[in-house]
1. Count the lysine pairs in the stretch 44-162 whose Cα atoms lie under 20 Å apart, taking only pairs 8 or more positions apart in sequence or on different chains.
2. Amide H neighbours of Asp195 under 5 Å, counting only residues 5+ apart in sequence or on other chains, H built in-plane at 1.01 Å?
3. Is the stretch 23-81 rounded, prolate or oblate when judged by the Cα gyration tensor, a ≥ b ≥ c being the square roots of its eigenvalues, rounded requiring a/c under 1.5 and prolate requiring a/b larger than b/c?
4. Please state, as a whole number in µm²/s, the translational diffusion coefficient that the Stokes-Einstein equation yields for the stretch 157-235 at 25 °C and 0.890 mPa s, with Rh defined as the Kirkwood radius across alpha carbon pairs.
5. For the stretch 159-172, just list the computed ³J(HN,Hα) in residue order, Karplus coefficients 6.51, -1.76 and 1.60, θ = phi - 60°, integers in Hz, with x standing in for Gly and Pro.
6. Given H placed on each backbone N at 1.01 Å, which residues far from Glu250 in sequence or on other chains put an amide H within less than 5 Å of it?
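Values in this text are rule-based calculations from the coordinates and carry no lab data. Since the model is a prediction, treat every value here as computed from it, not as a measurement.
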Amino acid sequence: MTRPPHKPAAPARPGAKAAAKPAESRTGDRIAKVLARSGVASRRAAEAIIAEGRVTVNGERIDSPALNVTPRDKIAVDGKPLGAKEPTRVWLYHKPLGLVTSERDEKGRATVFDSLPEDMPRVMSVGRLDLNSEGLLLLTNDGELKRRLELPSTGWLRKYRVRVNGTPTEALLAPLKQGITIGGERFQPMLVTIDRQQGANAWLTVGIREGRNREIRRAMESVGLSVNRLIRVSYGPFQLGNLEQGAVEELRPRVLRDQLGLSADEVPAGRAAPPAPSSASPSGSGKPAARPPRKTADGKPERRSWGSKSHGGARSDDELETRKPRSWGSKSARGSMETKPTPRVSKDKPKGGTPRPGPKR
């Protein structure tokens, strides 16, 4: 059976309007993405704001995020014009116990954002740490960057120091390393190392790449171990190091360019501010607020080293106490180049032997 010949499309009638192109093919960026980049909210939260009818584009209210906008469009949120995109900034925050990682808590509990310094701009957390978890939490003013860093496709490893009640063995932890399914939910393989057994508890180092809700606690419970302390010590290239509890430290623009691939136009000019302590002590922690940064003799704040290498890594002891510095003497620095001691020679004339020749004249 022969197919009928293909008929060319009829030419457009004079005066007829061209069909509207789908939003994906128009120039510009999605409206939710633009709102997230400007720091209004995360991309998901921006979509909710749009659905509530709080956003206007060129004076017209919109209720769907399926719209691309360009720099020429005039955007307003709650009647306030959207300002220019601020340079991307990222902070490291040492979250203490007892704080909720959300802007508002329906139970009235203290949140991470309540404890931040008052002079910080509006920020969003990259991922979450639950109420009973502590350690490194990344903060940023860029909603689009937040979303990108949270995706498992980034491949960033998140490391935790985990204290469990029980006696773990390699055989017991083998299912976690191979990947398990809990309640129909598939967990990707974890990196698990047994650090030490201390009485009824054991310390583990766990690495994950997804960050599902209570992933480590649920995985440990599935093999009969109960987590009683969980500390995040690194998120990708960024490490907790010796950052004090409740303290905030901004990353330098150079680190953002090197580690996140941002251009010079996307990050602030100059140097980042020195580490800032928390404005208040963590709720229920019983510890005083972090001390302000020390100053040098000329009154300038003492600077710490910055970037992923400066924060060290996880400590190998119970309470993450500081390691002893390595000795840089002749033995450790020179190794095989160590010189042998020169044998002592007596200045007295040897008995019964030939006297040593004197110096040449």
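1. Details: Lys74/Lys85; Lys85/Lys146; Lys95/Lys107; Lys95/Lys146; Lys95/Lys159; Lys146/Lys159.
So the count works out to 6.
2. HN-HN under 5 Å from Asp195: Trp203, Leu204, Thr205.
3. Verdict is rounded for the stretch 23-81.
4. Values: Rh = 12.4 Å.
Calculated translational D: 198 µm²/s.
5. 3J(HN,Hα) across the stretch 159-172, in whole Hz: 9, 9, 9, 10, 9, 10, 8, x, 10, x, 10, 4, 5, 5.
6. HN-HN under 5 Å from Glu250: Leu92, Ala276.
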